[in-house]
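Notes for the one structure printed next.
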Amino acid sequence: MWLERYRYYGEIVKRSFGESAPFKWKLKSLFTGHSAARLSILPEPLLKSGKYVREARYKRKLAQRNRQLHHALFHKISQKLWLDRVMPEVAPPVCYYVAGSTIVPLKGEPLAACPQDFLELVMNHGSLFVKPGDQIGGAGAFLLEWREDTLFIDGRKSTSEELKHLSDGVRTGYVISEKIAQGDWSAQFFSETLNTIRITTGTSARGHKVCFIAATFKVGVSETVPTDNFKGGRGGWACGVDLETGELDRLVHYDDAIGARVEADEHPESGARVTGETIPDWPFVKETVSRLAGLLPHPGIVGWDIALTPNGPMVVELNTAPHIDIHQATTPIADTEEKRAYLREFGIPLD
């Protein structure tokens, strides 16, 4: 047990001293088991109280308690097949996966995974989103679009040579989906990225009861196109969501130039006001996620990335090893007895 604890603690401290964060946060990581970058994005009252989930402990408990759930639903193909079975109306539009040098459609005949086939696919579909099926945080993902007889990669005009370079890196386990069209509400803040709601739930081992731990709205910026990934505050911006009303709090980000957390009411590029806005049909979004969490094949913590489309909520992906930092940076995760009870059950008491 002690060796396992030291391993998680050691990994976090080692990473902290390689991060672009002021030395005081690196030093604090030695005493807390919480990475410097994630310490620096926490709100000051939470930091002073000390009542935040320590990263080393959380990762260790997640590896223990989420093991079966992680094995069942970690890969995005597994997620697609499960969602198609339990709630097809919210399943993402994944249409292919890559096996070696073959593009395998979920329906139809396999194709060779060469640049020309990728080009033909995107010409037929208009746009395709390609990402590793076994990665998180948008790592390795790119958007292909065909418009005005021109290929665009991540919104930039590109050439077949660039496509060849990208497709050479596409390997077994990648998934290919149609581009998800977001609704006007989420597009108003920044239309170049798919802006999603991260809702984290805990499904109890006692009766499969569902607890909503937190919700955060993510919005991208030019540097994160085509995704909205928060990246510990170094990517897009994020704001807390009131679990009862769906109202948005202030946007949060980490400013490398000043080495500190910053907050804003408006998107830094579009100028659209975010603070005080309310997610449309929030009760229905919550009900949808609650039903899904209650149908999981194993209990555990899941981070659901939900897109608001013209046809209703859609699960972009579900994270079976979700980071907790995006919530701790933006919204309370232990402000009710229900949440505290679930966290105790999971092995991370905050009382």
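The values are calculated or read from the model by the stated rules, or taken from the named source; none is laboratory data. The model shown is predicted, which means the values in this text are computed figures rather than measured ones. Every residue, glycine among them, receives a Cβ derived from its backbone with ideal geometry; neighbour counts consider all protein chains shown.
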message: Could you list, ordered by first residue, the pairs with Cβ atoms under 6 Å in which the first is in the stretch 200-224 and closer than 24 Å to residue 346 by Cβ and assigned by TED's automatic domain parsing to the domain that holds residue 303 and the second is part of a strand (DSSP E or B) and hydroxyl-bearing (Ser, Thr, Tyr), at least 6 apart or interchain?
response: 210/201; 210/203; 212/201; 213/200; 214/200; 218/196
- line: Scanning the stretch 291-316 for residues that are crowded, with 16+ Cβ neighbours inside 10 Å and small (Gly, Ala, Ser), the one farthest from residue 65 (Cα to Cα) turns out to be 307
- prompt: What is the one condition in (1) within 21 Å of residue 94 (Cβ to Cβ); (2) without any contact (Cβ under 8 Å) to a residue 12 or more places away in the chain; (3) among the β-branched types (Val, Ile, Thr) that residue 258 does not satisfy?
  reply: (1)
query: Tell me, which residue of the stretch 251-267 that is under 21 Å from the mean Cα position of the chain (by Cα) and either of a type in the set (Asp, Glu) or loosely packed, with under 15 Cβ neighbours inside 10 Å (or both) is modelled with the lowest pLDDT?
result: 255
- request: Considering each residue of the stretch 170-205, count those that are in a helix (DSSP H, G or I) and not polar (S, T, N, Q), and give that number.
  value: 3
task: Only one of these is crowded, with 16+ Cβ neighbours inside 10 Å and among the polar types (S, T, N, Q): 275, 331. Name it.
output: 331
- prompt: All but one of (1) assigned to a loop (DSSP other than H, G, I, E, B); (2) crowded, with 24+ Cβ neighbours inside 10 Å; (3) touching a Gly at 6+ places or on another chain (Cβ under 7 Å); (4) not β-branched (Val, Ile, Thr) hold for residue 218; which doesn't?
  reply: (1)
task: Return a yes/no flag: does the stretch 80-98 have any residue that is aliphatic (A, V, I, L, M), at pLDDT below 90, surrounded by 14 or more Cβ atoms within 10 Å (Cβ to Cβ) and more than 25 Å from residue 326 (Cα to Cα).
output: yes
message: Only one of 56, 37 is assigned to a helix (DSSP H, G or I), farther than 26 Å from residue 258 by Cβ, within 24 Å of the chain's Cα centre (by Cα) and of a type in the set (A, V, I, L, M, F, W, C). Can you tell me which?
response: 56
task: Go through the stretch 132-165 residue by residue and tally those that are without any contact (Cβ under 8 Å) to a residue 12 or more places away in the chain and either not β-branched (Val, Ile, Thr) or not in a strand (DSSP E or B) (or both).
output: 12
message: From the list 73, 83, 27, 42, exactly one residue is within 22 Å of residue 203 (Cβ to Cβ), hydrophobic (A, V, I, L, M, F, W, C) and not assigned by TED's automatic domain parsing to the domain that holds residue 259. Which is it?
response: 73
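What do you reckon, is residue 57 modelled with pLDDT of 95 or more and out of contact with any Asp or Glu (no Cβ under 8 Å at 6 or more places or on another chain)? Show your work before the answer.
Values: modelled with pLDDT of 95 or more: no; out of contact with any Asp or Glu (no Cβ under 8 Å at 6 or more places or on another chain): yes.
It is false that residue 57 is modelled with pLDDT of 95 or more and out of contact with any Asp or Glu (no Cβ under 8 Å at 6 or more places or on another chain).
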